[in-house]
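Accompanying notes for the structure given below.
The values are calculated or read from the model by the stated rules, or taken from the named source; none is laboratory data. Just so it is clear, the model here is predicted, and its values are computed rather than measured. Glycine also receives a Cβ, built like all others from the backbone with ideal geometry; neighbour counts cover every protein chain displayed. Protein only, heavy atoms only, side chains kept; ligands, DNA and RNA dropped before computing areas. Shrake-Rupley method; radii C 1.70, N 1.55, O 1.52, S 1.80 Å.
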Amino acid sequence: MNINAIVAHAADQPLTTGRVALREMRADDVKIDILYCGVCHSDLHMARNEWGVSHYPMVPGHEIVGRVTEAGAAVSAFRAGDLVGVGVMVGSCGHCHFCQQQEEQYCEAGFVPTYNGTDAASGETTRGGYAQTMIVDSRFVVSIPDNLDLKAVAPLLCAGVTTWSPLRHWNVKAGDKVGVIGLGGLGHMAVKFAAALGAEVTLFTTSAGKEQDARRLGAQHVVISRDAAQMAAWQHRLDFILDCVAAPHDLNPYLNTLRANGHLVLVGIPENPHPAPEITPMVFRRLSVSGTSIGSILETQEMLDFCGQHNITADVELINGAEIETAFTRMLKSEVKYRFVIDMKATRWENV
């Protein structure tokens, strides 16, 4: 089956429209008519081969919202017409310890990424959501509450669950004092989720101009991290910090804001390593520095259900496919609040 898609043909070329082949439907699959796809920073890294693992031609996109048009013979969870989402992964081994614990994102064989991966059964390259249609194993598909704005749901499939998963894993609850570092695509979701869970949220940012928006999103406090006096005033006050910044930075000032038994959890992956933190305060206050990767299918569904109950979505700017290169350029300059989303129905394939 050939479909229209927005395709990266080489690291040094702009994305263009094109026809690509999808694998054949299998009994466990669903076919999805894609309505919206979020633009993740990793899409840019992959399109430009900045991680050295890209295979071309490539169809990026792993924040996908659409409607089922066909369900395989073995599929009982979905039927034609259902609103669904697909995130970062579309397969895993299904047998290892982590898969058996419903934590497919930590599959010992490595999960199959939604794009630029290899389908285990056919050996074909997986195609992402910058397209009209996709075929995917139904076990990696989630249901979307029908009360939510669909275009603003798309980033929840990556940015949303990436911040939801650590908040749930470390059992953040009402009354906890939570810090969020950085107010971007990930950080703005972390603030929304932590606030909705009843935590007292403090945003750490280098930009004083983000204070008003941070408070709108749910932060009760805003600390300018470049201001040593402000940072010192927050010594030993927080229980948990979610670090959403993907650039190298000193972790020690943030560790200093944690109480005993506090956790600093990293979700951003910097191009170069962070400087090693001081061990002494970690030992004397039993602090931990941890990392976490995306989230499981179970967590993704839990997150979407929570969003439906609390009417939570991402803050997005809608674009059509012809604007993807402009969106990449603006994203590099942090000129978006807070996530670009491609409207597939507004995309004119002949002009992308």
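From the protein chains alone at 1.4 Å, what is the descending order of accessible area for Phe98, Phe140, largest first?
Phe98, Phe140
Say R0 is 25 Å: what FRET efficiency, to the nearest 0.05, do Ala260 and Ala229 get from their beta-carbon distance?
The value I calculate is 0.60.
If each of Asp33 and Ala109 carries a label point 7 Å out from its Cα toward its Cβ, how far apart are those two points in nm?
Modelled inter-label distance: 3.4 nm.
At 0.36 nm per residue, and after removing the present C-alpha to C-alpha distance, how many nm does the segment from Asn171 to Met1 gain when stretched out fully?
Between Asn171 and Met1, full extension yields an extra 56.7 nm.
Where nothing but the Cβ of Lys and Arg (+1) and of Asp and Glu (-1) is charged, how large is the charge dipole of the chain around its Cα centre, in debye to the nearest 20?
Once rounded to the nearest 20, the dipole reads 640 debye.
About the Cα centre, and with charges only on the beta carbon of Lys, Arg (+1) and Asp, Glu (-1), how big is the dipole of the range 159-291? Nearest 20 debye, please.
About 360 debye.
Asp149 to Ser207: FRET efficiency via 1/(1 + (r/R0)^6), r the Cβ-Cβ distance, R0 22 Å, to the nearest 0.05?
E(calc), rounded to 0.05, equals 0.25.
Quick one: work out Rg over Rh on the C-alpha atoms of the chain, Rh as Kirkwood radius.
0.97
What's the longest uninterrupted piece of the chain once you rule out the GluC sites (Glu not before Pro) that are loop residues per DSSP with at most 12 other Cβ within 10 Å?
109-270
In square angstrom, what is the accessible area per residue of the chain with a 1.4 angstrom probe?
43 Å²
Using 13 Å as the cut-off for backbone N distance, which residues of the range 7-29 belong to the label zone defined by a point 7 Å from the Cα of Leu332 along Cα→Cβ?
12-15
For the chain, with all protein chains present and a 1.4 Å probe, just round the carbon and sulfur fraction of the accessible area to a whole percent.
49 percent
Test of understanding: extend the Cα→C-beta vector of Leu318 to 7 Å, then name every residue of the range 26-44 with backbone N under 16 Å from that spot.
34-39
Kindly express, to the nearest 10 degrees and within the range 0 to 90, the angle between helix 297-310's C-alpha long axis and the longest C-alpha principal axis of the chain.
Compared with the principal axis, the helix lies near 70 degrees.
How large is ³J(HN,Hα) for each residue in the range 182-191, as worked out from phi by the Karplus curve 6.51 cos²θ - 1.76 cosθ + 1.60 (θ = phi - 60°), to whole Hz, x for Gly and Pro?
x, 10, x, x, 6, x, 5, 6, 4, 4
Can you list the lysines whose alpha carbon sits under 28 Å from that of Lys192, skipping same-chain ones fewer than 8 residues off?
Answer for Lys192, where 28 Å is the Cα cut-off: Lys151, Lys173, Lys177, Lys210, Lys333, Lys337, listed by chain and number.
Relative to the longest principal axis of the C-alpha atoms of the chain, give the angle of the C-alpha long axis of helix 159-169, reported between 0 and 90° and rounded to the nearest 10°.
50 degrees
Roughly speaking, what is the stretch gain from Glu325 to Trp51, that is 0.36 nm per residue apart minus the C-alpha to C-alpha distance, in nm to one decimal?
Between Glu325 and Trp51, full extension yields 96.8 nm more.
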